[in-house]
1. Residues that are among the basic types (Lys, Arg) and outside the structural domain of Tyr398 (by TED's automatic domain parsing): does the range 265-276 have at least one?
2. Please find, among Glu172, Glu184, the residue that is in a helix (DSSP H, G or I), surrounded by 15 or more Cβ atoms within 10 Å (Cβ to Cβ) and among the acidic types (Asp, Glu).
3. Of the residues that sit in the range 56-107 and are acidic (Asp, Glu) and either surrounded by 17 or more Cβ atoms within 10 Å (Cβ to Cβ) or more than 17 Å from the chain's Cα centre (by Cα) (or both), which one is farthest from Leu252 (Cα to Cα)?
4. Given the options Glu12, Glu36, Glu5, name the one that is farther than 29 Å from Glu298 by Cβ and either buried (at least 24 other Cβ atoms within 10 Å of the Cβ) or hydroxyl-bearing (Ser, Thr, Tyr) (or both).
5. Tell me whether the range 176-198 contains one or more residues that are closer than 15 Å to Ile222 by Cα, of a type outside the set (Ser, Thr, Tyr) and over 20 Å from the mean Cα position of the chain (by Cα).
6. Is it true that Lys421 is surrounded by 13 or more Cβ atoms within 10 Å (Cβ to Cβ) and not assigned by TED's automatic domain parsing to the domain that holds Met168?
7. Go through the residues of the range 108-119 one by one and say whether even a single one is crowded, with 23+ Cβ neighbours inside 10 Å, touching a residue at least 40 places away in the same chain (Cβ under 8 Å) and closer than 24 Å to Ala309 by Cβ.
8. Can you pull out every residue in the range 347-406 that is farther than 28 Å from Pro302 by Cβ, hydrophobic (A, V, I, L, M, F, W, C) and either in contact with a helix residue (DSSP H, G or I) (Cβ under 6 Å, 6 or more places away or on another chain) or not assigned by TED's automatic domain parsing to the domain that holds Glu320 (or both)?
Amino acid sequence: MTYEEAVRYILEIPRFTKKNPLEHTKQLLRFLGNPEQAFQAIHVAGTNGKGSVCVYLDAMLRAQGKAVGLFVSPHLVRINERIVIGGEPVTDACFLEVFEIVMVQVRKMEAEGTPHPTFFEMLFAMAAVAFARAGVEYAVLETGMGGRLDATNAVPRPVCSVITSIGMDHMEILGDTLEKIAAEKAGILKPEVPAFYSEGPEASNRVLEERAAHLGISCKKIGKNAFENLRIEHKNIAFSCTNAYYGNTPWLLNNTGLYQAENALLALEVMRHLFGEKGRIDLWKEALARIVWGGRMEEILPGIYIDGAHNASAMERFTESVKARGNHRMAVLFAAMGDKDYEKMAACLCRNLDAAYYMVTQIPDRRAADAESLAEIFARYTERPVLVRKSLPDAWEYVRKHQEGQNIYCAGSLYLAGMLKAMAVKDPEAGIKEG
């Protein structure tokens, strides 16, 4: 089998599988020899920011001198981005190798009458095998959607459980209230495993605290007053920490999203717990200043930014970050998946951003929201021109040709962000490189 054939097989998995119980993932790991026991896991759940927290942890752990694996989702351009070792996505050869190792055991399970793993189970199992084979000391694991029933929750005892900001998303699966969604996220908390979480609405805070109290574990809340955003420059944001442990000098992030300081501090508190006085804070600071997390207020071409904001709470944070850059000319490119609350996102964009126009397009996916329907919604909330290009390449071509000194902000879906980034990489005028 080739790498391309393996990727094609994995992408087809959702067509012939259904959600399996958590015991199924544990059984798959047992068939594989329990590779998840070969490393110390840091388990991260949440609605928004969990990928960023994972990437910051990965960078700082490596700066601390540790061998690190990172499992995140979704990918932006290539599926290998989901399995990272030593700061680099696994090679095609490694990806194929661990795929074949997992498939041998999948066939054995099927022969015994056990269902095929889901798409996410498959990738998580491959990551666990890759990390064990590479001898990583720490693995940073991002949940896929919820937490309680997530495949990553098959890891029996991580060294830390981390929950980022909680908002309304995936309501058809996780529940229609903050309390229900928080309860699903709190499902990653385990006895004797310390927990850390970002302060959110009182409703979700209370659920997390009560679950931690029931388990008898420490649960540290990272409050909004634990940091201060100092300034935003062209490509950077500077923030300070109120805790003296981190020193008096500002911390710099290679990003302009206001929300990233909160994510960085959550990751920092986990690092402080793990290493205490042995923490190399100077090296952590350098690591955070270097890291670029794709699809999060990322400048992919001069003046063109992509952000994976795909729910109402994330869109609020996105618009806050855009406004913090001061008055400037801008246009917005938007697309969304059909199962998202795109009306609230559209209303947020129109209410908060003084865009010259809104370009509405459609992600080439059967689950995508229809562009014409999106345009009708935008027209309810703005007097500005609402343009429609059903073809994503046509929409991209338009905003590129009519940029004329404007910043272009693209949001609504991580799928959109990934597709635009792939287009930008092929653009001969591309001037921004990922660092």
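1. So far as the range 265-276 goes, yes, one or more of its residues are among the basic types (Lys, Arg) and outside the structural domain of Tyr398 (by TED's automatic domain parsing).
2. Exactly one of Glu172, Glu184 is in a helix (DSSP H, G or I), surrounded by 15 or more Cβ atoms within 10 Å (Cβ to Cβ) and among the acidic types (Asp, Glu), namely Glu184.
3. Applying the filter and picking the extreme gives Glu100.
4. Criteria check complete, one pass: Glu36.
5. yes
6. yes
7. Looking for residues that are crowded, with 23+ Cβ neighbours inside 10 Å, touching a residue at least 40 places away in the same chain (Cβ under 8 Å) and closer than 24 Å to Ala309 by Cβ, one finds none in the range 108-119, hence no.
8. Hits for the range 347-406 are Ala347, Ala369, Ile377.
The values are calculated or read from the model by the stated rules, or taken from the named source; none is laboratory data. For clarity, every value in this text was computed on a predicted model and none was experimentally measured. We place every Cβ from the backbone using ideal geometry, glycine too, and count neighbours over all the protein chains shown.
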